[in-house]
Amino acid sequence: MRAIWLGMVYSNGKVAGALILVAVTQFVLGVIVSEALYPGYSVSDNYISDLGVGPSPVIFNSSVFLMGLLLLIGAYFLQRAFHFEMLTVIVVLTAVGAMGVGIFTEDFYTIHSIAALITLVFSGLAAIFSVLCSYVHKFPLVKMPFSAISVILGLMTLGALGLFVGKIYLGLGAGGMERMIVYPVLMWEAGFGGYLIAYPEERRTKQKPQ
């Protein structure tokens, strides 16, 4: 029975990883396509969310909503696999925020801003908590060197967010600094998804009592 249970656990983990990887990949491609279809779009001067009210809003809004939806489903399988409640809650909040960004465009400025802030803050925290949860639960979900990379990328996102809120753009423009918030955590999510897909079958999560 234990062998069957462990097999189910790691199947859930791989499903979570695949969903997270697909979520991020399709969003990055959606951003690239939306930028290409937006005449005069500037990565320095324009916000990423400008794509949601530009010439091709359906592409961007659908892409960011789908990212949130896939992350939400991925969080379900992540919880089934590893039972790290805090990390699951953080991923869920990230997902809900992303879905909110896709539903409420810049035309709904206040709601859009809150949704975007939720997404950015909790995505950065997710990268860090993926490491901290390993210490709390005494189970190495994320190990070196990816654990160090996760913390660095999470801190980069949160640090850039702090600069952005303070309107300190370091010569990158508002759009450029916003990308310094978003892209590090997108890289982490893609890496985390791949990490879960390749997670060794012989490692165990919390053992089920015999």
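With (1) over 20 Å from Tyr183 (Cβ atoms); (2) part of a helix (DSSP H, G or I); (3) not aromatic (Phe, Trp, Tyr) as the list, and Ala95 as the residue in question, which single condition is left unmet? Going through the list (1) over 20 Å from Tyr183 (Cβ atoms); (2) part of a helix (DSSP H, G or I); (3) not aromatic (Phe, Trp, Tyr), Ala95 breaks only (1).
Could you tell me which residue of region 74-84 is modelled with the highest pLDDT, considering only residues that are of a type outside the set (S, T, N, Q) and farther than 11 Å from Gly17 by Cα? Among them, the one singled out is Tyr76. Within region 139-153, the set of residues being part of a helix (DSSP H, G or I) and free of Cβ contacts under 8 Å to residues at least 40 places away in the same chain comprises Ser147, Ala148, Val151, Ile152, Leu153.
Quick check: anything in region 48-61 assigned to a helix (DSSP H, G or I) and hydroxyl-bearing (Ser, Thr, Tyr)? Can you show your working first?
Within region 48-61, the subset assigned to a helix (DSSP H, G or I) is 48-53, 57-61.
Imposing the further condition that a residue be hydroxyl-bearing (Ser, Thr, Tyr) reduces the set to 49.
Among the residues of region 48-61, at least one is assigned to a helix (DSSP H, G or I) and hydroxyl-bearing (Ser, Thr, Tyr), which makes the answer yes.
Right, Leu132: closer than 21 Å to Val43 by Cβ and either surrounded by fewer than 22 Cβ atoms within 10 Å (Cβ to Cβ) or among the acidic types (Asp, Glu) (or both) or not?
Answer is no for this residue.
Just one of (1) more than 19 Å from Leu21 (Cα to Cα); (2) touching a residue at least 12 places away in the same chain (Cβ under 8 Å); (3) not aliphatic (A, V, I, L, M) fails for Tyr109. It is (2). Scanning region 154-193 for residues that are free of Cβ contacts under 8 Å to residues at least 24 places away in the same chain, farther than 21 Å from Ala16 by Cα and either among the hydrophobic types (A, V, I, L, M, F, W, C) or outside any loop (DSSP other than H, G, I, E, B) (or both) returns Gly159, Gly162, Leu163, Phe164, Val165, Ile168, Leu170, Met177. Among Gly173, Gly166, which is the only one that is over 22 Å from Val64 (Cβ atoms), out of contact with any helix residue (DSSP H, G or I) (no Cβ under 8 Å at 6 or more places or on another chain) and modelled with pLDDT of 85 or more? After ruling out the rest, the residue left standing is Gly166.
Please determine whether any residue of region 83-92 is among the hydroxyl-bearing types (Ser, Thr, Tyr) and either within 20 Å of Ile197 (Cα to Cα) or more than 13 Å from the chain's Cα centre (by Cα) (or both).
Taking region 83-92 first, the residues among the hydroxyl-bearing types (Ser, Thr, Tyr) are 88.
Now drop any that are not either within 20 Å of Ile197 (Cα to Cα) or more than 13 Å from the chain's Cα centre (by Cα) (or both), which leaves 88.
So far as region 83-92 goes, yes, one or more of its residues are among the hydroxyl-bearing types (Ser, Thr, Tyr) and either within 20 Å of Ile197 (Cα to Cα) or more than 13 Å from the chain's Cα centre (by Cα) (or both).
For region 103-125, which residues satisfy the criterion of being assigned to a helix (DSSP H, G or I) and either surrounded by fewer than 21 Cβ atoms within 10 Å (Cβ to Cβ) or among the basic types (Lys, Arg) (or both)? Hits for region 103-125 are Ile103, Tyr109, Thr110, Ile111, His112, Ser113, Ile114, Leu117, Ile118, Val121.
The residues listed here are Leu21, Leu87; of these, the one that is modelled with pLDDT of 95 or more and under 25 Å from Leu141 (Cβ atoms) is Leu21.
The values are calculated or read from the model by the stated rules, or taken from the named source; none is laboratory data. Since we're looking at a predicted model, the values are computed, not measured. Cβ coordinates were reconstructed from backbone atoms using ideal geometry, including for glycine residues, and neighbour counts include every protein chain displayed.
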